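Here's the structure we're looking at; comments come further down.
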Amino acid sequence: MIPNATWVRPPARAGLHKARRAFQIVTSFLFIIAPFVDLLRFDLKNGRLILFGVHLGLGELGVAYAIILASFILVFAGALLYGRIYCGWMCPQTTLSELVATLERWVCPKRGERTTKCKVMSVAAALVVALFVSWSLVAYFLDRSEWFWPSATVWIVWLITAGVLAADFLWLRHRFCVGVCPYGLLQNIIQDNRTLGVELDPARASECTNCLLCVRACFMGVDIRKQAFDPMCLNCGDCIAATRLAKTCPEEPLIRFRYGTQPSRWPAWLRKAGVLDGRRAVVAGLFFLSVAATAMATGSRADLDLQIAGQFDRTRVDAQGTVHNEYKLTLGNRLHEPVKLTLQVEGVQGLTVLEPTGELALDAGERSLRPVVLAAPSAGNPAGAHPIKVRTLDGPKVVGELSAIFFVPEKG
């Protein structure tokens with residue numbers, strides 16, 4: 001049974017617990033600010049993914065596939081090598097649930113005290129945290145302009161998300177890790193007898209003084225004395241930290257992190273990283289290869305995304321015998337500063353740009369669809385499809401070149 005986290009006694013003075021808290025704060029802070037500083041954001045309005053400040057359009061499948069592949073391998077590798085270490089050290093749900101429990105201990109310092117004032121302050125603390133975090137979650141899917149002037153739909157989604165999070169922080173909390181979290185369920189399937197976990201050293205079990213500090217420190221209700229590598233254990237290490245504070249416990253901690261029950265003969269430097277067999281070596285190698293592929297795919301991207309499509313059903317010849325072809329030009333600015341582009345065309349005698357008449361202005365990260373009209377005299381240009389080049393220039397510099405077709409219809 002999972003205890004009430006409000007009354008769990010975290011080993012606040014232990015170095016291991018302090019290290020975990022620091023790691024939780026950093027990772028949760030990055031999780032909350034990520035959409036606001038473009039570390040990660042899915043801009044649904046403009047159809048693009050922003051990753052570490054790089055704007056990826058929906059048509060950039062190579063980069064998208066590389067990112068998805070690296071993410072899946074990371075999830076698999078993390079579960080296989082390190083078990084539920086993510087859950088105890090990095091998961092925002094765990095961190096925020098512990099934060100709300102800490103706030104409740106502040107407003108209700110006496111164990112079992114549930115006065116009306118105490119209950120109201122506890123609910124208020126959970127609501128404040130939920131409202132703040134839910135805005136970050138919603139911001140992951142918004143354009144920057146919608147952060148400060150959200151639509152009615154965004155307001156509704158925000159309030160619904162805040163309500164779900166508040167319910168989670170008030171009632172569900174660590175129960176989410178046991179029966180709801182899909183990553184937790186995946187970990188239970190993937191991990192084996194060499195996955196990182198927590199155990200009471202079986203060779204020294206007789207030295208246990210039954211002080212119960214390890215039990216009282218566990219917010220998941222795991223009694224590590226009875227079952228090592230318990231699937232409910234989140235590898236947070238608080239039970240280890242608690243026993244290090246106990247004066248009655250042996251100087252050398254009885255509870256420890258260990259890579260499963262199956263020994264390995266691999267080199268020590270690999271064992272320390274969790275690479276204990278061939279399967280783990282393959283998974284780790286695939287992860288680093290996928291990261292390298294992602295970096296190469298991202299680094300080889302052009303600054304501008306250019307595509308052109310002809311609309312030859314609208315081709316016409318005016319009274320002076322000039323052929324007009326219409327196109328749709330897709331422009332995507334992947335730079336962090338605005339650009340002003342001009343068009344240059346060649347390939348057909350007398351070919352000129354009728355539209356646009358001036359510069360094409362694109363803000364940083366903007367993606368837009370612009371009409372283009374090209375014209376050339378029918379005299380001197382035989383009927384049929386003619387290959388042409390459409391170049392985009394930033395000042396005198398050519399920043400993109402497209403191949404297209406200019407169609408001259410039959411006379412008559």
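The values are calculated or read from the model by the stated rules, or taken from the named source; none is laboratory data. Since this is a predicted model, take the numbers as computed values, not measurements. Heads up, the Cβs are rebuilt from the backbone with ideal geometry, glycines too, and the neighbour counts pull from every protein chain shown.
Filter the helices (runs of 4 or more DSSP H) completely within the range 86-171 down to those with at least 1 residues that are surrounded by 13 or more Cβ atoms within 10 Å (Cβ to Cβ) and without any contact (Cβ under 8 Å) to a residue 24 or more places away in the chain.
The qualifying helices (runs of 4 or more DSSP H) are 92-107, 116-139, 152-167.
Given the structure, is GLY395 closer than 26 Å to ASN333 by Cα and either at pLDDT 95 or above or surrounded by 14 or more Cβ atoms within 10 Å (Cβ to Cβ) (or both)? Spell out how you get there, then give the answer.
Working: closer than 26 Å to ASN333 by Cα: yes; either at pLDDT 95 or above or surrounded by 14 or more Cβ atoms within 10 Å (Cβ to Cβ) (or both): no.
No: the conditions fail for GLY395.
Just checking, which of ARG204, ARG194, ARG175 is basic (Lys, Arg) and within 30 Å of LEU131 (Cβ to Cβ)?
Only one candidate passes the filter, namely ARG175.
Exactly one of (1) touching a helix residue (DSSP H, G or I) at 6+ places or on another chain (Cβ under 9 Å); (2) buried (at least 19 other Cβ atoms within 10 Å of the Cβ); (3) farther than 13 Å from CYS87 by Cβ; (4) not hydrophobic (A, V, I, L, M, F, W, C) is unmet by GLY260. Its number?
(1)
So the check is Cβ under 8 Å with 6+ separation or different chains; which pairs have a first residue in the range 365-378 that's in contact (Cβ under 8 Å) with a residue 60 or more places away in the chain and a second one that's assigned to a strand (DSSP E or B) and hydroxyl-bearing (Ser, Thr, Tyr)?
Close Cβ pairs satisfying both conditions: ARG367/THR330; VAL372/TYR327; SER378/THR322.
Checking GLN187 against (1) surrounded by 22 or more Cβ atoms within 10 Å (Cβ to Cβ); (2) touching a strand residue (DSSP E or B) at 6+ places or on another chain (Cβ under 8 Å); (3) more than 20 Å from PRO10 (Cβ to Cβ), which single condition isn't satisfied?
(2)
Looking only at residues that are closer than 18 Å to ALA79 by Cα, of a type in the set (Gly, Ala, Ser) and part of a helix (DSSP H, G or I) in the range 174-217, which one is nearest to the chain's Cα centre (by Cα)?
Ranking the candidates gives GLY184 first.
Check GLY88 against each of (1) within 30 Å of SER290 (Cα to Cα); (2) in the same structural domain as GLY184 (by TED's automatic domain parsing); (3) out of contact with any helix residue (DSSP H, G or I) (no Cβ under 8 Å at 6 or more places or on another chain) and name the one condition it does not meet.
(3)
Condition test on LEU212, is it within 21 Å of ARG13 (Cα to Cα), assigned by TED's automatic domain parsing to the domain that holds PHE176 and either touching a strand residue (DSSP E or B) at 6+ places or on another chain (Cβ under 6 Å) or at pLDDT 90 or above (or both)?
No; evaluated as a whole, the condition is false for this residue.
Mind listing whichever residues of the range 243-260 are of a type outside the set (Phe, Trp, Tyr) and under 33 Å from the mean Cα position of the chain (by Cα)? Step through it out loud before you land on a result.
Step one: list which residues in the range 243-260 are of a type outside the set (Phe, Trp, Tyr), which gives 243-256, 258, 260.
Correct list: ARG256, ARG258, GLY260.
Looking at LEU341, LEU286, LEU304 in this structure, which one is under 23 Å from VAL390 (Cβ atoms), surrounded by 14 or more Cβ atoms within 10 Å (Cβ to Cβ) and within 26 Å of the chain's Cα centre (by Cα)?
Just one listed residue meets the conditions, LEU304.
Does GLY350 meet the test of being among the small types (Gly, Ala, Ser) and assigned to a loop (DSSP other than H, G, I, E, B)?
Against the criterion (among the small types (Gly, Ala, Ser) and assigned to a loop (DSSP other than H, G, I, E, B)), GLY350 qualifies.
Out of (1) more than 37 Å from the chain's Cα centre (by Cα); (2) surrounded by 16 or more Cβ atoms within 10 Å (Cβ to Cβ), what's the single condition that is false for GLY380?
Among (1) more than 37 Å from the chain's Cα centre (by Cα); (2) surrounded by 16 or more Cβ atoms within 10 Å (Cβ to Cβ), GLY380 violates only (2).
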